[in-house]
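What follows is calculated from the coordinates using simple rules that are stated; it is not laboratory data. Keep in mind the model is a prediction, meaning the values are calculated, not measured. Backbone-built Cβ (ideal geometry, glycine too); neighbour counts: all protein chains shown.
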Amino acid sequence: MLKVDQLPSIFLQGSLFYSIRQIVITVVNLATTILLTRLLLPSDFGYISLVTIVMSVISILSDGGLGVYLIQKNEEVTDADISEITKFQLLVWISFFLVLSVIWLFPISDKISKIGIFYLLISSISIPFSIFKAASIIKLERGLVFNRIALIESLEQITYSLIAISLGYFGFGVWSIVFAIISKAFFSFLISFVLSPIKFNFFSPLRIKELKKVILIGVSYQIPSIFETLRSLLNPILIGLTLGMNYSGFTDRGILIASIPTTFLGTIWQKILFPLVARIQGEKKMLSSIYENSVYFHSILDKAIYLPFFLHGKEIISYFIGDKWLPIYPFILIFACGNILFSSYTTTTIAFFKGLGYADIMAKWSLFQFPLAIIFISVFTFFYGFYGFALGSQVLWVGIFYFNVCLNKTLKVSFLRSIIVPLISFSVSYLVFNFILNSDKFNLLFLIFFEVLFYLVIIVLLDFTKIRLIVNNYKFSLNQKYGE
């Protein structure tokens, strides 16, 4: 039995292990993305975007939506309790598998064809292994054994990357991803079962009343993920059916590359701001200051990352993933425009909503966003083809106005004041290096370093007083903390 005075040390150890895990997974994922994009064809990634939906379903079924009930349960959780959840999840998978089998036998379109559904059908074999792994993870989470969880998650990602890259190198195409997904699920099941064994009982009748509670909590917990998964269907279905799987692959990689800076910064912001805001909910003045500074620094960093790509995107694409992917360059620029303007606001606001206990706002927006995405992305794709998908996606940034109304009920903050100087600096840097200076004479890496430095110098010149005030406040905070 855990004691309360043990929790601080457990928290620190868990933070350490998860930090190591995040570094490992980030590096492995980036390397895997670059290598697979070089090895596979655009049409392969069209089918892979279908397979990715299976991975999202795995997450919804086994990552805590249903298991969260047991994790939060005050009473002791037994193997019988976990078996009950696992049985229900397996029934859901069987239903999912049968539906896919029917769709495979009677395909809805020749453009996606039976092979696309067959990839999806075979990939779904990984789901039961992931469900069993999740059962073992529940026991580890209940016991706060973070080191073993971090080990399992790191090893499974390494397994996936090694198999996918190896098979991709030998020309297996889409099957390299399919086999990698199944191998990852099977390996993680084995290692999690060894580290946290469970005695499953699948022959007892289902406890319907208990399951109703589980389903209610699980569905409410996973509403944003459910709608995000449904929205991800727009690419393989809308683009795949109208333009073919080649363009579906372009869309998949374009969204991924355009979102790398915001995904990277968003992960860090969520980890830092969520617990911090939760600790100081009553300090309105401090919260307002932290909010505006967070938006400000996110805005500085995301534009520093995007600037080289806006100036040298074609060279970067050609060098890292090959000339065959050059058609996605305009798509990435269109998609990234919304990220440059609004991602600093949405990332910070979402972290604040969670810390302030406003998670329901995100669920409501997800419910509203789904039909909005279908309408606008479909219309723009119909008129502008492949690039219309990126244009239609930008309309979804209207959500910031909804967020702003909700946030200002608690805090009085200014979004524009925090992004205007980084935006001006980005625009000036882009104009100087794209239209005024002849950059062909310089080494690309040196030029990128100089461009980003130039951008940061402009920010310092324009906002010197604000930056000095933030630095002085930080020094004062350190002095208060350490009693100097």
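Of note:
- Calculated FRET value between Leu190 and Thr267, using beta carbons and R₀ = 25 Å, to 0.05: 0.35
- Extension gain for Phe435 to Ile115 (0.36 nm times residue separation, less C-alpha to C-alpha distance): 110.5 nm.
- Förster radius 35 Å - calculated FRET efficiency between Phe203 and Phe96 (Cβ-Cβ, nearest 0.05): 0.95
- Cross-link pairs Lys87/Lys184; Lys303/Lys409; Lys139/Lys184 - those with Cα-Cα distance over 32 Å: none
- Difference of contour (0.36 nm per residue) and Cα-Cα distance, Leu456 to Phe320: 46.4 nm
- Paramagnetic reach from Ile34 (point 7 Å along Cα→Cβ, amide N under 18 Å) across segment 250-273: 253-254, 256-265
- At an R0 of 45 angstrom, the distance between the Cβ atoms of Ile420 and Leu41 translates into a FRET efficiency of 0.60.
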